[in-house]
Number of protein chains: 2
Amino acid sequence: MIRIAIFGFGAVGRGVAEVLIEKRDLLNGLIGDYRVVAVTDSKGGIIDENGVDLRRAIEIKKGNGRLPEGVTTLDVIESVDFDVCVEATVTNIETGEPGLTHIRECLRRGIDVVTSNKGPLVVAYKELVRLAEKNDAKLMFEATVGGAMPIIKLVRNDLAGNEIYSIKGILNGTCNYILSRMEKERLTYEQILAEAKELGIAEADPTYDVEGIDAAAKLVILANSLMGMDVKFDDVERVGITNITPNAFEIAMEKGYTIRLIAEVDRVEEILRVSPRLIPIQHPLAIGGTLNAALIKTDTAGDIVVVGRGAGSKETASAIISDLVELFRCRGL
Amino acid sequence: MIRIAIFGFGAVGRGVAEVLIEKRDLLNGLIGDYRVVAVTDSKGGIIDENGVDLRRAIEIKKGNGRLPEGVTTLDVIESVDFDVCVEATVTNIETGEPGLTHIRECLRRGIDVVTSNKGPLVVAYKELVRLAEKNDAKLMFEATVGGAMPIIKLVRNDLAGNEIYSIKGILNGTCNYILSRMEKERLTYEQILAEAKELGIAEADPTYDVEGIDAAAKLVILANSLMGMDVKFDDVERVGITNITPNAFEIAMEKGYTIRLIAEVDRVEEILRVSPRLIPIQHPLAIGGTLNAALIKTDTAGDIVVVGRGAGSKETASAIISDLVELFRCRGL
């Protein structure tokens with residue numbers, strides 16, 4: 001019996017809970033029986049060693065209600081027996097908190113961690129990996145980059161044995177939506193941003209996306225985890241998309257190019273940057289909408305391209321579930 | 001110490017040997033120490049329990065020489081102690097031989113198998129999977145489909161927990177080369193085929209590729225291994241590319257389409273076919289050259305696209321190496 005604790009019960013945490021309910025039979029076949037023994041958010045939580053009633057917990061949050069007060073995540077870590085935590089609290093790339101403390105405390109106790117939270121990995125990747133190794137725990141983080149688009153396990157496992165020369169990616173769906181709409185409609189950045197806000201694709205304060213901060217955080221994770229580097233957020237050269245004009249698209253398109261916000265780490269060229277780049281319109285990275293994409297250059301396999309949905313509750317949950325399966329598939333052998 | 005036997009020492013077997021030599025340090029870090037204790041081809045072989053001199057074996061074959069006679073693959077299976085076989089003999093999709101016998105005999109003895117040979121999987125997938133389970137052995141076959149393009153492990157692991165609705169792919173690089181050249185040059189099929197033969201992209205007898213036989217064999221493997229189906233080669237509806245005219249491209253391109261040979265398995269629409277299809281020119285499957293691509297439709301992750309080099313000695317070796325790593329990575333936990 002695998003005992004799971006879910007920390008953070010927003011869109012991602014609830015998405016995971018929904019998949020754990022809906023796909024019980026399929027998942028039992030892959031990893032055996034499981035039970036969620038605790039769910040927490042920043043305000044409260046539910047502990048039940050016989051299995052939290054996930055449907056009820058989801059209903060409470062959907063109705064804008066609160067999980068019962070008086071239960072904190074640290075209480076759960078200290079007092080509940082569980083095998084793996086799903087850390088899905090909100091990203092803070094400056095402090096990594098509260099996820100960083102949650103992950104540290106779990107790994108110290110030998111509890112495996114599956115996370116969608118970029119913050120702790122951006123702030124303390126090396127430390128967390130060492131902590132996991134020391135305590136024979138696993139730290140999985142497919143969901144931090146690219147949503148449902150496979151990239152961490154794809155590079156580590158499917159391309160195992162390859163040297164990775166570079167990764168070039170579209171890692172922020174909001175920017176890609178704005179740029180691909182600007183390409184088609186030739187409207188201004190401000191006009192399309194307003195449209196994206198209405199559709200819920202851009203946040204009220206879009207800084208985190210449009211200034212390339214989100215993409216840069218993901219790039220740091222890719223560089224450190226897949227290319228053996230040791231870089232920090234501030235090492236990323238970063239330009240956002242706020243100054244791109246319809247005229248820039250005009251000129252680009254005349255020459256057969258479009259403009260995309262590309263996150264790029266290149267070991268050979270010593271590049272670590274997020275910036276708007278000209279991309280040939282038939283290039284695999286010239287994708288539209290909120291998709292994410294990555295072009296991975298390797299020595300033996302050559303170039304690999306992968307494209308998928310970069311965000312969304314179900315999509316991020318899919319990445320978390322694949323990490324859970326990976327954890328227990330290997331453990332079970 | 002992992003003891004490896006390589007059966008089949010053509011382009012793929014030698015490619016694997018080269019990677020095992022060149023990347024020893026990297027691979028030692030991933031799977032520990034290893035040694036190739038036997039290499040065979042259809043005419044002979046070398047057995048050395050202290051490690052075959054792979055460089056010499058490669059030299060012999062490159063100089064059109066022969067491996068020493070008097071050693072057969074079945075001798076090796078019966079008399080040599082080894083942990084995993086790399087089965088890289090030539091594909092025969094009617095009988096599956098000689099690979100089928102090699103794989104059966106290894107699995108029966110509990111020896112893990114990593115293969116690039118489509119034949120045994122097309123002929124006897126279910127039987128081999130059962131045999132592997134019964135004997136607690138593993139059967140890995142990433143290299144049978146898509147060359148260096150990740151697909152088997154990508155779907156099984158990276159997309160674990162997803163239901164796969166359909167897979168649509170370009171699974172034959174020769175056909176894709178011919179079609180994408182026809183698209184650009186508007187020459188006849190015969191003209192481009194002649195060019196492809198000169199470049200070594202098409203065989204002297206191109207039937208296997210251009211009639212869709214190779215793509216159909218790969219489709220059978222995908223359907224059976226990734227979608228829980230139980231289909232045979234003859235179940236695939238199959239049309240090749242030999243009747244496509246420059247005029248067909250003319251008409252397609254006018255409407256914003258191109259033509260590609262698409263292998264398609266769709267559980268919902270009950271489709272299992274290989275045929276030339278109209279593809280919008282900006283669609284992710286509208287790739288050029290000898291690349292392979294796949295569009296995987298899933299319930300939770302949505303649509304995933306992956307593109308990579310579909311053939312080549314090093315590329316296929318890359319897939320085999322990733323299977324080897326997967327085997328021993330999990331075993332080592």
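The values are calculated or read from the model by the stated rules, or taken from the named source; none is laboratory data. It should be emphasised that the depicted structure is a prediction, and the values quoted were computed from it without experimental measurement. Note that each Cβ is placed from the backbone with ideal geometry, even for glycine, and that neighbours are counted across all protein chains shown.
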(message) Which of the strands (runs of 3 or more DSSP E) found entirely inside segment B:200-307 contain at least 3 residues meeting this: more than 14 Å from every other protein chain (Cβ to nearest Cβ), more than 17 Å from the chain's Cα centre (by Cα) and surrounded by 21 or more Cβ atoms within 10 Å (Cβ to Cβ)?
(response) B:257-266
(message) Every residue in segment A:1-25 that is surrounded by 15 or more Cβ atoms within 10 Å (Cβ to Cβ) and among the aliphatic types (A, V, I, L, M), please.
(response) A:2, A:4, A:5, A:6, A:11, A:12, A:16, A:17, A:19, A:20
(message) I'm told residue B:114 meets every condition in (1) surrounded by 24 or more Cβ atoms within 10 Å (Cβ to Cβ); (2) within 14 Å of another protein chain (Cβ to nearest Cβ); (3) assigned to a loop (DSSP other than H, G, I, E, B) except one. Can you identify the failing condition by its number?
(response) (3)
(message) If a residue must be crowded, with 22+ Cβ neighbours inside 10 Å and touching a residue at least 40 places away in the same chain (Cβ under 8 Å), how many such residues does segment A:126-157 contain?
(response) 16
(request) All but one of (1) more than 30 Å from residue A:156 (Cα to Cα); (2) hydrophobic (A, V, I, L, M, F, W, C); (3) touching a strand residue (DSSP E or B) at 6+ places or on another chain (Cβ under 8 Å); (4) in contact (Cβ under 8 Å) with a residue 60 or more places away in the chain hold for residue B:57, so report the exception by its number. (result) (4)
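Results for (1) of a type outside the set (Gly, Ala, Ser); (2) touching a helix residue (DSSP H, G or I) at 6+ places or on another chain (Cβ under 6 Å), shown as yes or no for each residue.
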{"site": "B:98", "(1), (2)": "yes, no"}
{"site": "B:101", "(1), (2)": "yes, no"}
{"site": "B:104", "(1), (2)": "yes, no"}
{"site": "B:118", "(1), (2)": "yes, yes"}
{"site": "B:134", "(1), (2)": "yes, no"}
{"site": "B:138", "(1), (2)": "yes, yes"}
{"site": "B:143", "(1), (2)": "no, yes"}
(request) Return the total of residues in segment B:308-323 being touching a helix residue (DSSP H, G or I) at 6+ places or on another chain (Cβ under 7 Å) and facing chain A (nearest Cβ under 8 Å). (result) 6
(request) Please tell me if residue B:131 is in the same structural domain as residue B:7 (by TED's automatic domain parsing), farther than 29 Å from residue B:209 by Cβ, not in a loop (DSSP other than H, G, I, E, B) and not charged (D, E, K, R). (result) yes
(request) Hey, can you tell me all the residues within segment B:144-193 that are of a type outside the set (Val, Ile, Thr), over 28 Å from residue A:161 (Cβ atoms) and assigned to a helix (DSSP H, G or I)? (result) B:175, B:179, B:180, B:181, B:182, B:183, B:184, B:185, B:189, B:190, B:191, B:193
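Yes or no, residue by residue, for (1) within 12 Å of another protein chain (Cβ to nearest Cβ); (2) over 15 Å from residue B:12 (Cβ atoms):
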| site | (1), (2) |
| --- | --- |
| B:98 | no, no |
| B:118 | no, no |
| B:122 | no, yes |
| B:130 | no, yes |
| B:142 | yes, no |
| B:147 | yes, no |
(request) Return yes when residue A:33 is buried (at least 16 other Cβ atoms within 10 Å of the Cβ), out of contact with any helix residue (DSSP H, G or I) (no Cβ under 8 Å at 6 or more places or on another chain), within 19 Å of residue A:321 (Cα to Cα) and not β-branched (Val, Ile, Thr) and no when it is not. (result) no
(message) For segment A:187-199, check the following and say yes or no: at least one residue is among the small types (Gly, Ala, Ser), more than 22 Å from the chain's Cα centre (by Cα) and more than 14 Å from chain B (Cβ to nearest Cβ).
(response) yes
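Residue-wise test of (1) touching a strand residue (DSSP E or B) at 6+ places or on another chain (Cβ under 9 Å); (2) hydrophobic (A, V, I, L, M, F, W, C); (3) under 30 Å from residue A:130 (Cβ atoms).
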position	(1), (2), (3)
A:217	no, yes, yes
A:224	no, no, yes
A:232	no, no, yes
A:242	no, no, no
A:268	yes, yes, yes
(request) Could you tell me whether residue B:137 is under 28 Å from residue A:153 (Cβ atoms), part of a helix (DSSP H, G or I) and either within 14 Å of another protein chain (Cβ to nearest Cβ) or under 17 Å from the mean Cα position of the chain (by Cα) (or both)? (result) no
(message) Only one of A:77, A:58, A:93, A:47 is closer than 24 Å to residue A:137 by Cβ, under 22 Å from the mean Cα position of the chain (by Cα) and either away from chain B (no Cβ under 14 Å) or buried (at least 23 other Cβ atoms within 10 Å of the Cβ) (or both). Can you tell me which?
(response) A:93
